[in-house]
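The values are calculated or read from the model by the stated rules, or taken from the named source; none is laboratory data. Keep in mind that what you see is a predicted model, and the values were worked out from it rather than measured. For neighbour counting, all protein chains shown are included, and Cβ atoms are generated from backbone atoms with ideal geometry for every residue, glycine included. These area figures cover heavy atoms from the full protein model, side chains too; ligands, DNA and RNA do not enter into them. Shrake-Rupley method; radii C 1.70, N 1.55, O 1.52, S 1.80 Å.
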Amino acid sequence: MTKEFYRADFVSVFYHEDTHALWVKYFQKVPSDKHVIPVIDAMLNGFKQSNTQKFMADIRKMGVLGTDSQSLIVNKLIPGMVSHLNGKRLYHAQLIDPGEIMAKITANNVKHKSDNEKIEIVQFVNERDAIAYMKSI
């Protein structure tokens, strides 16, 4: 069972009951940086409504995000999630395609710029392992 917070042709933001995590799943490349703004807003609002410490980003088909979009993630989304948790740890899993070099670069940029003791960011290349991790925490 899931609760969807946002949907467009290229993305869905939803609460995944089985993993007790907020998910963002990209179906295709993000058309432009302006398309990322409502996705970021939906992720933050959905996270706050979901009573979870877990966030899964399936970015295997996302493509490259511009520096403005990466800044929104690092300076708005992640801090907003951490702040909402009032001192609890944020568990963030990134599901990446090892062959999709540009998405992997974006994921690594976000991971390194979000370095914080209140955040655990783990990367996976297959969904089964990512789901098992989310269920284990």
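Kindly indicate whether V64 is in a helix (DSSP H, G or I), in contact (Cβ under 8 Å) with a residue 40 or more places away in the chain and surrounded by fewer than 20 Cβ atoms within 10 Å (Cβ to Cβ). Spelling it out, it is not the case that V64 is in a helix (DSSP H, G or I), in contact (Cβ under 8 Å) with a residue 40 or more places away in the chain and surrounded by fewer than 20 Cβ atoms within 10 Å (Cβ to Cβ).
Would you confirm whether any residue within segment 91-99 is farther than 21 Å from I131 by Cα, open to solvent by 10 Å² or more (accessible area, probe 1.4 Å) and either at pLDDT below 85 or not in a loop (DSSP other than H, G, I, E, B) (or both)? Checked against the condition, which is being farther than 21 Å from I131 by Cα, open to solvent by 10 Å² or more (accessible area, probe 1.4 Å) and either at pLDDT below 85 or not in a loop (DSSP other than H, G, I, E, B) (or both), segment 91-99 yields no hits at all.
Within segment 5-45, the residues that satisfy the criterion of being surrounded by fewer than 16 Cβ atoms within 10 Å (Cβ to Cβ) and under 20 Å from H84 (Cβ atoms) are E17, H20, I37, P38, N45. Only a single criterion out of (1) open to solvent by less than 20 Å² (accessible area, probe 1.4 Å); (2) touching an Asp or Glu at 6+ places or on another chain (Cβ under 8 Å) is not satisfied by S50, namely (2). Against the test of being among the basic types (K, R) and in contact with a Gly (Cβ under 7 Å, 6 or more places away or on another chain), the options K34, K29, K25 yield a single qualifying residue, K29. The number of residues in segment 45-93 being in contact with a Lys or Arg (Cβ under 7 Å, 6 or more places away or on another chain) and hydroxyl-bearing (S, T, Y) comes to 1.
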